């Protein structure tokens, strides 16, 4: 078990790791969603709703993990 001396260090590491996992899943699943759309019914582009919505979620996850993190890295 790793023991950090600074408070919040593990929370920062976990937030960054969580974002990386979220981004990886987004990158891997988005083409699959578009492939399902292409192979089933191309009359209405329904992935145009889910892809940008999920991308906004990934963007906010990035901002929360890297930009607006509450821990002080001194």
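For the reader, a short list of remarks on this structure follows.
- Boolean, residue 55 is modelled with pLDDT under 90, in contact with a helix residue (DSSP H, G or I) (Cβ under 8 Å, 6 or more places away or on another chain) and assigned to a helix (DSSP H, G or I): no
- Some residue of region 28-41 being at pLDDT below 95 and outside any helix (DSSP H, G or I): yes
- Close pairs from region 17-28: first touching a residue at least 40 places away in the same chain (Cβ under 8 Å), partner assigned to a helix (DSSP H, G or I), Cβ under 7 Å, at least 6 apart: 18/65; 19/61; 19/62; 19/65
- Filtering region 35-51 for residues that are within 30 Å of residue 12 (Cα to Cα) and surrounded by 12 or more Cβ atoms within 10 Å (Cβ to Cβ) leaves a non-empty set.
The values are calculated or read from the model by the stated rules, or taken from the named source; none is laboratory data. Just so we're clear, the structure is a prediction, and the values are computed from it rather than from any experiment. For neighbour counting, all protein chains shown are included, and Cβ atoms are generated from backbone atoms with ideal geometry for every residue, glycine included.
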